[in-house]
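Below: one structure, written as structure tokens.
The values are calculated or read from the model by the stated rules, or taken from the named source; none is laboratory data. Small disclaimer: the values here were computed from a predicted structure and weren't measured. Virtual Cβ from ideal backbone geometry, glycine too; neighbours counted across all protein chains shown.
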């Protein structure tokens with residue numbers, strides 16, 4: 001998810017380029033939300049300005065206005081859209097609407113706006129839609145904002161690489177490892193056609209981000225991207241979720257319901273964790289891929305104009321051999337295969353990714369600017385990252401929350417699977433701080449072992465430690481190791497038998 005940014009004064013947005021202005025209507029947005037929108041669009045290279053609803057006519061007429069961004073509840077959208085369109089007869093200004101309520105009525109306005117978002121607001125999706133609209137209407141300032149000067153003298157390969165760097169920067173694709181770029185550089189070519197794509201990679205390697213990049217780079221960029229988590233979809237509901245149903249198709253079908261294929265019409269269907277589909281669902285998916293037709297329950301066959309991208313973190317050939325995945329479906333999905341390398345194969349990318357997450361997390365959690373200490377860097381680089389980029393992001397986020405100061409130290413970084421800290425000396429703290437930390441670690445380890453050895457009997461543990469019960473109990477409280485009340489009662493009874 002796109003991270004938020006610190007509050008800024010809306011009246012003074014930072015502007016790196018002034019080729020045109022994104023006009024944001026103040027009415028309907030909360031102050032903090034408006035600040036975040038201005039900040040993230042400004043950082044993406046846009047010039048932003050805020051106007052009130054009473055200023056619609058002048059705003060639309062302004063020759064520098066390149067895009068209108070407004071928010072409204074679906075039930076109240078008709079009047080606002082009519083007011084904007086009635087004042088834009090002479091200038092075709094793109095209109096992007098954020099519907100603050102996700103009612104069914106939103107569908108009625110699809111043909112009246114150039115693009116829309118539905119609550120809850122995703123700043124990442126907002127940036128992508130703004131970028132797409134400005135590009136569609138002939139505004140190339142995004143390329144300028146990304147440091148792309150005159151493209152006329154560049155060859156085709158260089159131009160493609162610059163565009164992908166500019167775009168993927170917004171998608172948090174960060175890194176320069178050869179194994180990483182071997183996949184990323186193929187995205188423009190893959191996006192230029194409608195071939196089915198299979199994304200292969202461990203959990204947390206960025207398969208969905210890659211799928212979104214393929215979608216937004218292609219001709220379907222202005223159509224929906226619909227992700228489907230196959231692992232969380234019950235097998236008995238797969239057909240209904242995918243194909244939809246007509247009114248009266250079954251007992252509780254009181255009204256018709258669109259399926260996910262209909263929702264993605266003209267766009268992209270992304271099947272995440274496709275390996276988790278049961279065999280019965282695999283048959284239905286295979287038939288759809290073969291015929292590009294589907295039949296809602298109780299309805300007639302319909303043609304589907306969608307692109308299909310699938311992702312898996314499993315070895316599908318092995319699952320095919322074991323009979324857990326259909327061989328014919330496997331070959332239908334792997335027309336084009338892209339492999340997302342694990343983070344352990346991108347050692348040189350660990351620190352750039354960590355610094356990126358450090359910056360965005362500090363902004364989101366309203367923390368001061370933070371830095372990684374030498375010991376923290378050493379710990380990050382010595383870990384194998386079984387959870388890949390997602391695990392790295394979570395580790396940095398937690399460190400930002402737990403750190404006592406602006407410096408992230410090794411002890412602030414915690415892993416799901418702890419590994420021994422390297423014995424290589426890293427002098428990033430004073431003698432007194434290091435001594436206090438070692439004493440604290442020793443005390444906690446000793447107390448934990450003493451409690452285990454005494455089966456939670458505090459009196460017995462205190463006698464073994466050579467301390468009176470009161471002092472020992474105080475140490476337990478200091479390190480938050482006080483046993484439950486039940487254990488305390490049993491300990492007290494044991495001591496007075």
Query raised in the report: Would you call residue 204 more than 30 Å from residue 113 (Cβ to Cβ), under 23 Å from the mean Cα position of the chain (by Cα), in a loop (DSSP other than H, G, I, E, B) and touching a residue at least 12 places away in the same chain (Cβ under 8 Å)?
Result: yes
Query raised in the report: Filter the stretch 123-142 for residues that are surrounded by fewer than 18 Cβ atoms within 10 Å (Cβ to Cβ) and in contact with a helix residue (DSSP H, G or I) (Cβ under 9 Å, 6 or more places away or on another chain); which is modelled with the lowest pLDDT?
Result: 140
Report task. Would you point out which residue out of 451, 447, 392, 380 is surrounded by 13 or more Cβ atoms within 10 Å (Cβ to Cβ), modelled with pLDDT of 80 or more and touching a strand residue (DSSP E or B) at 6+ places or on another chain (Cβ under 9 Å)? Result -> 380
Requested in this report: Report yes if residue 329 is touching a helix residue (DSSP H, G or I) at 6+ places or on another chain (Cβ under 7 Å) and not assigned by TED's automatic domain parsing to the domain that holds residue 273, otherwise no.
Outcome: no
Query raised in the report: Restricting to the stretch 300-332, what's the tally of residues that are within 22 Å of residue 205 (Cα to Cα), within 28 Å of the chain's Cα centre (by Cα) and surrounded by fewer than 21 Cβ atoms within 10 Å (Cβ to Cβ)?
Result: 4
Report task. Name the one entry in 335, 369 that is outside the structural domain of residue 275 (by TED's automatic domain parsing) and surrounded by fewer than 16 Cβ atoms within 10 Å (Cβ to Cβ). Result -> 369
Report summary line: Residue hits (the stretch 36-52; modelled with pLDDT under 85, part of a helix (DSSP H, G or I) and closer than 15 Å to residue 20 by Cβ) are 42
Report summary line: Taking the stretch 289-299 and keeping residues assigned to a loop (DSSP other than H, G, I, E, B) and either surrounded by 21 or more Cβ atoms within 10 Å (Cβ to Cβ) or outside the structural domain of residue 200 (by TED's automatic domain parsing) (or both) leaves 296
